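Taking it in order: structure first as structure tokens, then the write-up.
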Amino acid sequence: MGGIKRRPFLTLCIFLIMTITGCSSLNDSENEGDLPLPGLREKVRVLRDGKGMPYIYAANLHDAMLAQGFIAAQDRLFQMELTRLFSSGRICELVGAKGKPLDIRMRTIGFRRNAEKQARLLDKETRIVFQKYVDGINAYIKTRPETFPLEFKLAGIQPGPWTIADSLTIMFYMSWNSSANLKTEITAQMLVERLGEEKAREIFPLNINPDEKHYAGDAFPSPDLAAVKLPISSDKTILGYLKDVPSGTGSNNWAIAPRHSASGKTMLANDPHLDSRILPGPWYPSGIIIPQCRFVGVGVPGTPGFVIGRNEHIAVGVTNAYADTQDLYVETLDPKDSKRYLEGNRSIPFEIIEETLTIKDKDAPQGTRQEKISIRLTGRGPVISGVLPGLKTKKVLTLRWAHFENMGPSLGLLQIMTARSVSDVRKALESTHFIALNFVFADTAGNIGWQVSGRLPVRSQGEATVPFVVKDSRDNWTGWIPYQEMPQSENPEKGWVGTCNHKTVTDAFPFYYSSHLAPSYRYRRLIQLMDSPGKKSTDDHWRFQRDTLNLTAEVLSPIMAKVLMADEDTKVLGHILSEWDHRDDKDQPGPTVFQTLYRRFAYLAFQDELGEDVTRNMLANTYFWQERVQSMMVQGTSAWFDNVKTGGVKETRDDLLRQAAKEILKEMGESLDQDPKKWHWGKVHQIEFVSPIRRSGFGKGLLGGGSHPMDGSGETLYAAKPSYKSPFDVTVTASLRMVVDLGDNDKVLAVLPGGTTARLFVPHTTDQIEAFMNGEKLYWWFSDNAIEKHAKTTLTLNPN
């Protein structure tokens, strides 16, 4: 959204005052002494370490959840409020009319609407835990308003009371961010619109499981696309859904058996990849110690419990599974009544939901105005497009999401806190329907495992890369893949499990799984590291998470170098590539040459037939095309290399490489340096950490965490991925790096890209950035002795 552009003069004044006086404590929370917390049954102690991370000692789970909500509000209330506004479709209340399209999309998807349904379904224990957590948030809001983060004053808003539905709304929103097949379906439909079905399928996603010895191709029937050639590339409503989630967010996780471990115990590593630029980062770290268990890890601010971490018996980490839980449908409007839609010969009225937006408006009498919107739903889901002209009748696209059809009494994640074995973890995940993730886990008995969570539909048409055409009342979702048949593994013969958002199912998997999956190169590199000789230590796993070897470049750069060295105008780039060790390190020019050349080559291959807008939309969805383009380049010949606009000339792969090289020599020479040997990756490839108060413009540098040259890329285990629109500005990177040795009961190796606290000028908002960037080891403390030894403050929360 570009940041909250309010009261810049006040922001500067406050910054100058705090800089001159050194009083960051003016915006700090109360971390020492005694505070009342209504609802507690027993006293709770909160110890904080040198990073400000809280460790909550409570007599029972309910008191612990109450305290976790209170402490999370102390540290992250402003961040939680922004996430609540965003996911509920209320951002207009903060930024005015410019937020209206986003709010309409959020309300159309219906996170809040469905969270309210989910809240009513919760079983007694789950409901109590959620209620205790939001009671803690509300206790902070009600009793400690004088300690609210300064950000509220700068933004001109105040936090309202929280409900269980607020927490569930955030959980659904986070789940949506891990579901990306909607983008692939929109992109595929654009290609069909431009090229027709047969030609479009030539460049549909290629997904490869490196654990299979060969690629068998598409094992599922393809739906008939002839009737759905729709002009969606010009539909602004549809295009908005392409912008809401960063493309190619991913993660790495793995676990090793004791025989591969230097400690003789299982180990687990996890680095989830998200947009981590907004301080202090998306995860909130904490520890809970109660008689039933102790758990140290991270969760989502505004939601109870944990997603990633360890207890005394197990450790767990996650990546996006990218299982296809989203479908688009082509629906036909009744030509006699646009308020109805057709299923064959049946005319059915749209369900209409009326909602009201509150929009900040300085010209309105009360500073806000209200505007009603109408959301139309069919039996499959909400309409997310404008009216699209078809061959004979008008069409609309509707959206269906499996998670909204699989709500139950338990969410599963809370049971992981007290799990004692991988079997317990797997049992807990059987109830985790709201999100599709690759859970990797290990236990102290020496077991390791992997399980995909969530529920996937069985589709009558098989593949679901393109929107399904509704022709009658039959449901194309004919059932659900049984949990026991979802992708999983336990104690494999090789002695390790791991996922990198890649295709994890084999050709023997009897169901359609997904067409939006990461290319195979990160997982291929993980195979190399895991299968290397010797037992692995925590230091090894920490190093693996920062590994910069680019296996895509290892395959493609020799091809590029040979072509470019044969041309006098481009040989300087060829020599750089031939001398490069294929590591995306910030002091080398090789990554800059490779990345710019690779992107420009892909653009030249497609833009003549797809046009500017469709090409850029497709290339922005990197998982859609990268494996396919790599295959085309290695094969050396493809009809796509020929520029159809040049008439009698037939261009080749090598022609496009030379053209791309000459273009980037000119552009980079003007913008960076005339000498390509000085195109060091770190000069252009940087990440900038910013405050949510000021993401751009005046004050951004004063309030943020600075710009930092960064190793890695989108193709390396060390994730540092730019967007297509801004090819060097890192948008997606590790939101956490964690290595757990279940043989070490004192600590967990872990670092965040920002810090624990979300309060301007408080050091714990940014104090982990340096360690995150340079690889310094930081720790979460696990044993009582370690927690006490490293405690810097103690807060006692007392029953009223």
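The values are calculated or read from the model by the stated rules, or taken from the named source; none is laboratory data. Only a predicted model underlies this, so the values are computations on that prediction, with no experimental measurement involved. As a convention, Cβ positions derive from the backbone with ideal geometry for all residues, glycine included, and neighbour counts pool all protein chains shown. Calculation scope for accessible area: heavy atoms of the full protein, side chains included, ligands and nucleic acids excluded. Shrake-Rupley method; radii C 1.70, N 1.55, O 1.52, S 1.80 Å.
Kindly list the number of the only condition in (1) surrounded by fewer than 24 Cβ atoms within 10 Å (Cβ to Cβ); (2) part of a helix (DSSP H, G or I) that fails for Ala59.
(2)
When the residues of segment 140-163 are filtered to those that are open to solvent by less than 10 Å² (accessible area, probe 1.4 Å) and of a type in the set (A, V, I, L, M), which remaining residue is nearest to Arg376 (Cα to Cα)?
Ala155
Need pairs with beta-carbon distance below 6 Å; first residue under 11 Å from Ala553 (Cα atoms) and without any contact (Cβ under 8 Å) to a residue 60 or more places away in the chain and within segment 584-607, second open to solvent by less than 10 Å² (accessible area, probe 1.4 Å) and part of a helix (DSSP H, G or I); sequence gap 6+ or separate chains.
Close Cβ pairs satisfying both conditions: Phe594/Ala553; Phe594/Ser557.
Please state which of the following conditions Ile137 fails to meet, knowing it meets all the rest: (1) farther than 28 Å from Asn438 by Cβ; (2) open to solvent by 20 Å² or more (accessible area, probe 1.4 Å); (3) in a helix (DSSP H, G or I); (4) out of contact with any strand residue (DSSP E or B) (no Cβ under 7 Å at 6 or more places or on another chain).
Of the numbered conditions (1) farther than 28 Å from Asn438 by Cβ; (2) open to solvent by 20 Å² or more (accessible area, probe 1.4 Å); (3) in a helix (DSSP H, G or I); (4) out of contact with any strand residue (DSSP E or B) (no Cβ under 7 Å at 6 or more places or on another chain), the odd one out for Ile137 is (2).
Every residue in segment 671-729 that is crowded, with 18+ Cβ neighbours inside 10 Å, under 20 Å from Tyr623 (Cα atoms) and among the acidic types (Asp, Glu), please.
Glu715
Whether any residue in segment 84-97 is open to solvent by 50 Å² or more (accessible area, probe 1.4 Å), in a helix (DSSP H, G or I) and either among the charged types (D, E, K, R) or at pLDDT 95 or above (or both) is what I want to check.
Yes - at least one qualifying residue is present in segment 84-97.
Just to check your reading of the model, which residue among Gly52, Gly39 is open to solvent by 10 Å² or more (accessible area, probe 1.4 Å), on the phi > 0 side of the Ramachandran plot and outside any helix (DSSP H, G or I)?
Working: Gly52 fails: open to solvent by 10 Å² or more (accessible area, probe 1.4 Å).
Only one candidate passes the filter, namely Gly39.
What residue, among those in segment 641-668 that are more than 28 Å from Leu195 (Cβ to Cβ) and either touching a helix residue (DSSP H, G or I) at 6+ places or on another chain (Cβ under 8 Å) or of a type in the set (Asp, Glu) (or both), is surrounded by the fewest Cβ atoms within 10 Å (Cβ to Cβ)?
Glu667
Identify all residues within segment 313-331 that are in contact with a Lys or Arg (Cβ under 6 Å, 6 or more places away or on another chain) and open to solvent by 10 Å² or more (accessible area, probe 1.4 Å); write none if there are none.
Let us first name the residues in segment 313-331 that are in contact with a Lys or Arg (Cβ under 6 Å, 6 or more places away or on another chain), namely 313, 327, 329-330.
Within segment 313-331, just His313 meets the criteria.
Listed residues Lys427, Lys394; which is surrounded by fewer than 17 Cβ atoms within 10 Å (Cβ to Cβ) and either small (Gly, Ala, Ser) or closer than 20 Å to Gln451 by Cβ (or both)?
Lys427
Of the residues that sit in segment 613-636 and are under 27 Å from the mean Cα position of the chain (by Cα) and loosely packed, with under 15 Cβ neighbours inside 10 Å, which one is modelled with the highest pLDDT?
Here is the first cut: in segment 613-636, the ones under 27 Å from the mean Cα position of the chain (by Cα) are 613-631.
Filter once more, keeping what is loosely packed, with under 15 Cβ neighbours inside 10 Å: 613, 631.
Details: Asp613: 94, Ser631: 97.
Selected residue: Ser631.
Looking at segment 313-335, which of the residues that are within 16 Å of Ala428 (Cβ to Cβ) and not small (Gly, Ala, Ser) is nearest to the chain's Cα centre (by Cα)? Lay out the reasoning, then the answer.
As a first pass, look at segment 313-335 and keep what is within 16 Å of Ala428 (Cβ to Cβ): 313-318.
Now restrict to residues that are not small (Gly, Ala, Ser): 313-314, 316, 318.
Details: His313: 28, Ile314: 24, Val316: 18, Val318: 11 Å.
Once the filter is applied, the top-ranked residue is Val318.
Taking only segment 289-300 into account, find how many residues are open to solvent by 10 Å² or more (accessible area, probe 1.4 Å) and over 15 Å from the mean Cα position of the chain (by Cα).
As a first pass, look at segment 289-300 and keep what is open to solvent by 10 Å² or more (accessible area, probe 1.4 Å): 289-292, 294, 300.
Those still in the list that are over 15 Å from the mean Cα position of the chain (by Cα) too: 289-292, 294.
Of the residues in segment 289-300, 5 are open to solvent by 10 Å² or more (accessible area, probe 1.4 Å) and over 15 Å from the mean Cα position of the chain (by Cα).
Please go through segment 727-773 and give me each residue that is in contact with a strand residue (DSSP E or B) (Cβ under 7 Å, 6 or more places away or on another chain) and among the basic types (Lys, Arg), ordered by number.
Residues satisfying the conditions are Arg737, Lys747.
Residue by residue, here is whether (1) open to solvent by less than 20 Å² (accessible area, probe 1.4 Å); (2) under 14 Å from the mean Cα position of the chain (by Cα); (3) at pLDDT 95 or above holds:
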residue	(1), (2), (3)
Thr237	no, no, no
Gly248	yes, yes, no
Ser261	yes, no, yes
Gly264	no, no, yes
Ile278	no, yes, yes
Pro282	no, yes, yes
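Inside segment 395-505, counting only strands (runs of 3 or more DSSP E) that do not spill past its ends, which hold 1 or more residues that are over 27 Å from Gly714 (Cβ atoms)? Spell out how you get there, then give the answer.
Working: elements: 437-443, 448-452, 457-459, 477-480, 488-490, 496-499.
Correct list: 437-443, 448-452, 457-459, 477-480, 488-490.
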